[in-house]
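Notes follow the structure.
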Amino acid sequence: MPSLKDIQQEFMALLQENDRHLEKRIIKQGELTNEQRAEIYRTGYRIRLRGVIDSDHEMLSLYLGDDLFDQLVEGYIDNAPSEHPSLRFFAERLPEYLSKTEPFSNHPILAEIAGFERRLLHTFDSADSDTLDQSVLQQIPADAWPTLHFTMHPSIHFYAAYWNSVESWQSLKNETAPPEASHNEQPTIWAIWRGPKKVTEYKSLQGAEWVALQLVMQSKPFSEVCEALQPHLEEEQIAPMLFGYISDWLNNGWITSARG
Amino acid sequence: MSTDFLGFGLGLRTKHFSTILSEKPAVDWFEIISENYMVDGGKPRYFLDQIRRDYPIVMHGVSMSIGSTDPLNMDYLKGLKKLSEEVQPQWMSDHLCFTTVGGINSHDLLPLPYTQETLDHLTQRIHQVQEILGREMVFENVSSYLTYEHDQMQEWEFLASLATQCGCKFLLDINNIYVSSRNHGFDPMDYLHAIKPEWVQQIHLAGHSDMGTHIVDTHDHPVPDPVWALYEEYAKISGPKSTMIERDDNIPSMQELVEELQLARDIGDRVWSQEKRAAHA
Ligand SMILES: [Fe+2]
């Protein structure tokens with residue numbers, strides 16, 4: 001008699017490797033053959049996993065077209081089976097798979113599109129936090145600014161894109177043809193966050209704003225942020241520019257605290 | 001664990017979040033899929049926190065893999081415990097099945113062999129899980145498409161032995177019993193007669209896809225007549241049991257589901273009030 005462990009291993013071998021040993025363990029009943037019974041489980045397994053990639057990576061699937069997307073899904077299920085209790089993590093390794101597996105790796109924009117879609121998903125259910133609004137700008141005394149630290153909302157993610165991946169994603173989302181893939185030496189930095197209405201939003205950042213944000217994220221005081229902007233902006237532009245950025249960040253719901 | 005009759009509930013689905021908050025539909029309680037809320041924050045948690053102010057909540061998991069020979073997933077159990085402390089559900093359930101093998105998750109409710117070895121394994125694991133979670137668990141019978149050659153008993157005998165040996169409670173899924181009865185050619189009433197009412201904490205009703213030669217448990221159709229008929233038969237045996245309709249795909253409007261739930265209420269009214277009358281006679 002097979003042990004419980006034997007049966008479970010044979011079951012997984014059926015699902016994952018199409019090993020048909022399990023068919024010999026089951027009794028013949030009714031109109032279904034043992035092969036059909038095993039097939040119900042194997043098909044169900046693969047359809048379920050495919051469904052996750054379908055819904056997590058809708059624009060990638062449009063970008064690839066049916067045949068290549070099928071090839072991607074089959075290969076990914078075979079090579080990166082789920083190791084997490086939640087299906088939300090199943091396609092977590094898809095960008096890596098795309099960047100390492102031919103023919104997908106010949107088109108690096110694919111891994112980037114998938115990476116962007118993963119960031120959107122991470123943003124969707126990352127932690128909540130109350131946010132500050134514009135009124136805080138009036139409440140901070142002038143002499144407190146140099147030592148001020150900001151804390152950013154836990155849902156914010158940043159994404160560096162070397163290809164026009166996000167633009168392509170956007171085109172597909174708007175049901176238009178994506179532009180031809182093009183590469184840039186300097187990446188475009190995208191901020192992705194969950195807005196006050198719990199809707200995921202994203203926007204690209206300008207160079208100086210990204211410099212300032214990185215320091216703010218590292219909890220550097222305001223005076224250091226100003227200093228770091230000197231190579232990017234004229235001296236007299238720095239304060240109004242930063243004030244403008246902070247005002248935008250507050251509007252976007254990015255800032256959760258401001259402390260001296 | 002609450003043993004109270006909660007009435008008639010529905011599965012909480014994303015699609016209905018805002019309708020539930022704005023219209024407060026006539027549903028007695030909601031069942032959540034635990035894994036969908038084991039996240040740090042965002043929309044699902046936001047809505048759940050609002051909805052649980054108005055409705056009792058029951059937690060229903062799909063990933064405990066209680067019958068697996070893999071070690072218990074302690075991270076998962078920790079996350080589940082944390083969620084239960086936040087949600088304060090009436091009770092918590094998962095399935096009598098295995099989902100993981102060698103660390104790989106099938107995300108399916110795979111059937112266990114009905115043997116003494118499985119009974120002993122389940123008994124030991126259920127006690128271990130209940131200790132970790134600090135509360136009792138309820139386990140659901142799954143639908144299946146195959147019968148193992150080395151089974152030592154029928155599924156209902158297996159459940160009865162488990163109840164006796166382990167003392168755990170069941171979430172009896174009437175649709176699953178019907179699906180399996182067709183797929184394996186047994187009489188569903190044999191099954192229902194073997195399940196003592198005191199073992200049953202909750203009842204699931206759902207729809208399926210009839211493929212002629214077999215039935216696939218798809219939860220994408222309304223509850224069909226044969227399942228209603230079985231529910232009515234079991235209701236006569238069981239007396240009032242918290243009952244809910246599961247719909248996971250092709251999900252209709254809240255109003256449609258509330259109307260469907262009325263059919264369960266009608267059966268309850270019919271059967272359980274008769275029972276009361278009989279008791280008073
Ligand atoms: Fe169920």
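The charge dipole of region B:1-131, taken about the Cα centre with unit charges on the Cβ atoms of Lys, Arg (+1) and Asp, Glu (-1), comes to about 420 debye, rounded to the nearest 20.
Going Cα to Cα from A:Lys24, which aspartates and glutamates come in below 13 Å? Please leave out same-chain ones fewer than 8 positions away. The reachable aspartates and glutamates, counting only those whose Cα sits under 13 Å from A:Lys24, are A:Asp6, A:Glu10, A:Glu35, B:Glu149. Given R0 = 41 Å, the distance between the Cβ atoms of A:Thr43 and A:Asp248 translates into a calculated FRET efficiency of 0.25.
Each peptide in B:125-132, B:168-175 gets a packing score, the mean of other Cβ atoms within 10 Å over its residues, and the list from highest to lowest is B:168-175, B:125-132.
Toward the positive end of the charge dipole of chain A, with +1 on the Cβ of Lys and Arg and -1 on the Cβ of Asp and Glu, the farthest Cα among A:Leu4, A:Leu15, A:Tyr159 is that of A:Leu4. For the protein assembly as shown, a crude dipole built from +1 on the beta carbon of Lys and Arg and -1 on the beta carbon of Asp and Glu, taken about the Cα centre, is about 1180 debye to the nearest 20. Here the sum of -39500 (n - 2.57) over DSSP H runs of 4 or more residues, divided by the residues of the protein assembly as shown, equals -14500 deg cm²/dmol at 222 nm, to the nearest 500. Starting from the Cα gyration tensor of chain B, take the square roots of the eigenvalues, sort them a ≥ b ≥ c, and report rounded, prolate or oblate (rounded when a/c is under 1.5, otherwise prolate if a/b is larger than b/c, else oblate). Verdict is rounded for chain B. Only the Cβ atoms of Lys and Arg (+1) and of Asp and Glu (-1) were treated as charged; on that basis the dipole of region B:8-279 about its Cα centre amounts to roughly 880 debye.
The residue among B:Ser242, B:His214, B:Asn141 whose Cα reaches farthest toward the positive pole of the charge dipole of the protein assembly as shown, with charges on the beta-carbon of Lys, Arg, Asp and Glu, is B:Ser242. Can you give the longest run of chain A that contains no GluC sites (Glu not before Pro) sitting in a DSSP loop with at most 10 other Cβ atoms inside 10 Å? Counting only loop sites that pass the neighbour cut-off, the longest clear stretch is A:32-174. Applying the Kirkwood pairwise sum to the alpha-carbon positions of region A:129-260 produces a hydrodynamic radius of 16.1 angstrom.
Judged by the ratio a/c of the largest to the smallest principal axis of the C-alpha gyration tensor, region A:207-260 counts as prolate, that ratio being 1.5 or greater while a/b is larger than b/c.
The longest part of chain A holding none of the exposed loop trypsin sites (Lys or Arg not before Pro), meaning those outside H, G, I, E and B in DSSP with at most 11 other Cβ atoms within 10 Å, is A:29-196. Say the cut-off is 23 Å between C-alpha atoms; which of B:Lys24/B:Lys81; A:Lys173/A:Lys203; A:Lys198/A:Lys220; A:Lys197/B:Lys24; B:Lys81/B:Lys169; B:Lys43/B:Lys82 go over it? Pairs exceeding 23 Å: B:Lys24/B:Lys81; A:Lys198/A:Lys220. Each of A:Pro231, A:Pro141, B:Ser181 was scored by the projection of its Cα onto the charge dipole of the protein assembly as shown, and the greatest displacement toward the positive side belongs to A:Pro141; charges sit on the C-beta of Lys, Arg, Asp and Glu.
Label separation (A:Ala13 vs A:Glu224): 5.8 nm, computed from points 7 Å beyond Cα along the C-beta direction. With both labels modelled 7 Å from their Cα along Cα-to-Cβ, the A:Leu148 to B:Ile104 distance reads 5.5 nm. Residue-wise HN-Hα couplings along region B:129-135, as the Karplus relation 6.51 cos²θ - 1.76 cosθ + 1.60 with θ = phi - 60° gives them from phi, are 5, 5, 5, 5, 7, x, 7 Hz; Gly and Pro carry x.
For B:Leu96, the shell of other residues with beta-carbons less than 13 Å away shows a net charge of -2, using +1 for Lys and Arg and -1 for Asp and Glu.
By the scheme Lys and Arg +1, Asp and Glu -1, what is the net charge of all other residues having a beta-carbon under 12 Å from that of A:Pro154? For residues surrounding A:Pro154, the net value is -3.
The convex hull drawn around the Cα atoms of chain A, when projected onto a plane and averaged over every direction, covers 19.5 nm². Direction-averaged projected area, Cα convex hull, the protein assembly as shown: 29.4 nm², rounded to one decimal. Here the label points at A:Ala239 and B:Ala194, each 7 Å from Cα along the C-beta direction, are separated by 8.3 nm in the simple model. Could you tally the net charge around A:Ser126, taking each other residue with its Cβ under 9 Å from the Cβ of A:Ser126, Lys/Arg +1 and Asp/Glu -1? My count for the surroundings of A:Ser126 gives -2.
Just so you know, all these numbers are worked out from the coordinates, no wet-lab data involved. The model shown is predicted, which means the values in this text are computed figures rather than measured ones. FYI the Cβ positions are ideal-geometry reconstructions off the backbone, even for glycines, and counts take in every protein chain you see.
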